[in-house]
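As structure tokens, the structure follows; a few thoughts come after it.
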Amino acid sequence: MELNFTELFASIGRYLLSINITGYLDIAILAFVTYNILLLVRSTKAASLLKGLAVFFAIIMLSSLLKLHSIYFILSRVLEYGMVAFLVLFQPELRRILEQMGSRRFVRFFSHTEGGNHLEQSIDQTVLACAEMSQSRTGALIVFEREMRLDDMIRSGTVLDAAVSSELLKNIFFVKAPMHDGAVIIRGGRVQGAGCMLPLSRNENLSRELGMRHRAGIGMSENSDAVVVIVSEETGSVSVAVGGMLKRHLKPETLGNLLRNELIPQDDLDEDKQKFPLLKLLRTKLNGGTSDGE
């Protein structure tokens, strides 16, 4: 066994020495694409699917090494004819992954976009709107899109392209407004859709006191990497759903800090602090004398 490993490592070394620059570029591109695909599917149902496929391929390799011919024959036939069934059954997940592999991520990779200021403004306006809607007990459902694009959800409602403002959000969720029952979807600091339909959570362990609005917010966070803000119509409490987890009874300061931590990369925050040294002091004054970290 030691001799086999020695020969294996030696062959790997000879192969690496024989690779030219284009070969290394080929490997780097493949690794980059594979890494980004894994990032795209980690928050979807496809993540568990990939784990199942990995186990399936491991069993096939093990049966081949152990010369379990019957098992290998059956599994190889299942693999051969199962690819068609795989494409049919998981067509929605595959379509979602392909939609997410658009130009947005590559544009961000090759160029620096200044979206931090727009996000800061949209977060501040959202916190202000949620604080006022909480006092008036106006139900609201606000989705902040991150890496996973929510084009299907946006098309389910009214497509918009407007700057985020507290007045706009309050008007959309006004109880007699035609779009108050749906969700608002924010992309890059702008409202892209209103009155949008969201998938309900299938978690049977959720508290029975949570209504449809909370279940829709949790369901959206389960099926994407979005950050969802929920204002209860019954109690006026403000909650945030991230990754299927619900954080409830948030104060405006806590809500603002949570949204900034989830939506704005740390390097953008550091850059803003360097450019605007009085920003933190001003925000401290607005929050009543407490700093962001407290």
Restricting to the range 190-203, name every residue that is open to solvent by 10 Å² or more (accessible area, probe 1.4 Å) and of a type outside the set (D, E, K, R). GLN192, GLY195, MET197, LEU198, PRO199, LEU200, SER201, ASN203
Only residues that are part of a loop (DSSP other than H, G, I, E, B) and among the hydrophobic types (A, V, I, L, M, F, W, C): list them for the range 185-203, please. MET197, LEU198, LEU200
Condition check: at pLDDT below 85, open to solvent by 80 Å² or more (accessible area, probe 1.4 Å) and charged (D, E, K, R). Does GLU80 satisfy that? yes
Looking at the range 180-188, is at least one residue within 18 Å of the chain's Cα centre (by Cα) and of a type in the set (D, E, K, R)? yes
Give all pairs with beta carbons closer than 7 Å in which a residue from the range 174-186 that is over 20 Å from ILE123 (Cα atoms) and open to solvent by 80 Å² or more (accessible area, probe 1.4 Å) meets a residue that is at pLDDT 90 or above and part of a loop (DSSP other than H, G, I, E, B); count only pairs at least 6 apart in sequence or on separate chains. VAL175/THR138
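What helices (runs of 4 or more DSSP H) completely inside the range 204-294 contain at least 1 residues that are surrounded by fewer than 20 Cβ atoms within 10 Å (Cβ to Cβ) and modelled with pLDDT under 85?
Result: 266-275, 279-286.
The values are calculated or read from the model by the stated rules, or taken from the named source; none is laboratory data. The structure presented is a predicted model; accordingly, all values stated were derived computationally and were not measured. Here the Cβ is made from the backbone with ideal geometry for all residues, glycine too, and neighbour counts use every protein chain on show. Areas reflect the complete protein model, heavy atoms only, side chains present, ligands, DNA and RNA absent. Shrake-Rupley method; radii C 1.70, N 1.55, O 1.52, S 1.80 Å.
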